[in-house]
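To start, the structure itself, in structure tokens.
The values are calculated or read from the model by the stated rules, or taken from the named source; none is laboratory data. It should be emphasised that the depicted structure is a prediction, and the values quoted were computed from it without experimental measurement. Positions of Cβ are generated from backbone atoms using ideal geometry, with glycine treated the same way; all protein chains shown enter the neighbour counts. Accessible surface is based on the protein model in full, side chains and every heavy atom, while ligands, DNA and RNA are left aside. Shrake-Rupley method; radii C 1.70, N 1.55, O 1.52, S 1.80 Å.
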Amino acid sequence: MSPRTLSTAEDRRETVLATAISAFAARGYFGTTTVEVARAAGISQAYLYRLFPDKETLFAAVVERCFARIQESFAAGAAAATGTARGAGAAPTDVLRAMGGAYANLIADQDLLLLQMHAQCAAISVPEVKRAVREGYERLVDYACGVSGAPEKDVQAFFATGALCTVVVSMGAHEVDAPWARTLNADLRHP
């Protein structure tokens, strides 16, 4: 019999974050209890509260993880456009287009897509979540500006298009053959 290996608090924290993404994606911040997250992670609620002092902190950490995945997809897109993670050598529009394509592939992950939408809604009334969303966008905008070298107006249009893509995918409008859906889908890339 091999000796039992105990996980560290950091390992458990990572497990909780990974399982909390799915739990919060399914029912949102307001519909998900810490009991459900703890159960999904295979720990007690008391231990969950040792890792994260409250539900707001836990959800904010999940939102931060979501934004990190988005930035990783942006970096992959920039690298595809230029051969470097810094975006050097390509036209700003080419870098933004490649980052947009990487984001379109990323939101095929239903959990990530749902979590983004739930985070936007919770940010309205939960200060800790609002902070996490603001900081996440700050990092993404700074990254997109820096890596692409595009003017602010182009970066704004990039994020506006990404938001529209998120909405279109969330309601399945990319699967609808109707005038309104074609209008929303024009020039968007979907997974």
Quiz item: Restricting attention to segment 171-191, does a residue exist that is open to solvent by less than 70 Å² (accessible area, probe 1.4 Å) and touching a Pro at 6+ places or on another chain (Cβ under 8 Å)?
Solution: no
Self-check item: Any hit, segment 123-146, residues being polar (S, T, N, Q) and under 14 Å from the mean Cα position of the chain (by Cα)
Solution: no
Self-check item: Only one of Val129, Val168, Val133 that is of a type outside the set (Asp, Glu), in contact with a helix residue (DSSP H, G or I) (Cβ under 7 Å, 6 or more places away or on another chain), open to solvent by less than 20 Å² (accessible area, probe 1.4 Å) and more than 19 Å from Ile21 (Cα to Cα)
Solution: Val168
Quiz item: Pro53 is checked against (1) free of Cβ contacts under 8 Å to residues at least 24 places away in the same chain; (2) open to solvent by 20 Å² or more (accessible area, probe 1.4 Å); (3) part of a helix (DSSP H, G or I) and fails just one. What number does that condition carry?
Solution: (3)
Quiz item: If you take the residues of segment 13-44 that are surrounded by fewer than 17 Cβ atoms within 10 Å (Cβ to Cβ) and not in a helix (DSSP H, G or I), which of them is nearest to the chain's Cα centre (by Cα)?
Solution: Thr33
Practice problem: Kindly establish whether Thr33 is among the polar types (S, T, N, Q) and at pLDDT 95 or above. | Solution: yes
Self-check item: Filter pass, Asp154 being more than 30 Å from Asp54 (Cα to Cα) and of a type in the set (Asp, Glu)
Solution: yes
Quiz item: Here are some residues: Ala75, Ala79, Ala90. Which one is over 15 Å from Arg139 (Cα atoms), open to solvent by 20 Å² or more (accessible area, probe 1.4 Å) and part of a helix (DSSP H, G or I)?
Solution: Ala79
Practice problem: Exactly one condition in (1) touching a Phe, Trp or Tyr at 6+ places or on another chain (Cβ under 9 Å); (2) within 20 Å of Ser73 (Cα to Cα); (3) touching a residue at least 40 places away in the same chain (Cβ under 8 Å) is not met by Val141; state its number. | Solution: (3)
Exercise. Would you mention how many residues in segment 13-33 are touching a residue at least 40 places away in the same chain (Cβ under 8 Å) and within 19 Å of Asp109 (Cα to Cα)?
Key: 10
Quiz item: If you go through segment 124-145 one residue at a time, do you hit one that is over 20 Å from Ala26 (Cα atoms), modelled with pLDDT of 95 or more and either outside any helix (DSSP H, G or I) or β-branched (Val, Ile, Thr) (or both)?
Solution: yes
